[in-house]
1. Before anything else, pin down the relative contact order of the chain: Cα pairs under 8 Å, at least 6 apart, normalised by residue count, whole percent.
2. Please report the base-10 log of the normalised intensity I(q)/I(0) for segment 65-110, using a Debye sum with one equal scatterer per alpha carbon and no solvent, at each q in 0.25, 0.27, 0.32 (1/Å).
3. Of the peptides 86-99, 30-43, how do they stack up when ordered by the mean number of other Cβ atoms within 10 Å, highest first?
4. One quarter of the convex hull surface, Cα atoms only: what value does that give for segment 26-99 in nm²?
5. Determine the calculated [θ] at 222 nm for the chain from helices alone, applying -39500 (n - 2.57) to every DSSP H run no shorter than 4 residues and normalising by the residue count; nearest 500 deg cm²/dmol.
6. Towards the positive end of the charge dipole of the chain, with charges on Cβ (+1 Lys, Arg; -1 Asp, Glu), say which of Gln15, Phe37, Thr82 has the farthest Cα.
7. Tilt of helix 16-36 relative to the longest C-alpha principal axis of the chain, in degrees (0 to 90, nearest 10)?
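Here, each number is a calculation from the coordinates, and none is a lab measurement. The shown structure was predicted, so the numbers you read here are calculated from the model rather than taken from an experiment. Neighbour counts are summed over all protein chains in view; Cβ atoms, including those assigned to glycine, are modelled from backbone coordinates with ideal geometry.
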Amino acid sequence: MTAISEGSGESVETQVDRTVLSWARTAATLAIVALLFARWAIDLGPIAFLPATFGVGAAILIWLLTRSRATLRRAQFASGGTTPPLWTAVGLCATILILAGTGLLALLLH
């Protein structure tokens, strides 16, 4: 897991790739949990797909955002440090709350 620093061309050890992989695992877990709602479609009807669709969409968005920011993170890390992805973490927390809310809504509307 190395990146090339822009100024000197030498290899710099980085944790950016591992961080991107951990966010990918988080997004995959979110998608799997969201798809658990889809198994209730037989009992609840199409409303069960609301939390499943929202969760999978959020997981894809999280994965795309972390992948697209990886190059910037590598450059920041090579220059001495990065800023933590606080908005991504806040977005993940909000997604989990909304996912729980839409799942509860699906159950209550049944």
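1. On the way: 107 pairs, mean separation 33.5, N = 110.
In percent, rounded to a whole number, it is 30.
2. Results for segment 65-110 at q = 0.25, 0.27, 0.32 Å⁻¹ read -0.87, -0.93, -1.05.
3. Values: 86-99: 13.6, 30-43: 15.8.
Packing proxy ranking, top to bottom: 30-43, 86-99.
4. Numbers: hull surface 19.7 nm².
So the mean shadow area of the Cα hull is 4.9 nm².
5. Values: 5 runs with 78 residues, N = 110.
Dividing the helical sum by the residues of the chain leaves -23500 deg cm²/dmol.
6. Positive-end residue among those listed: Phe37.
7. 0
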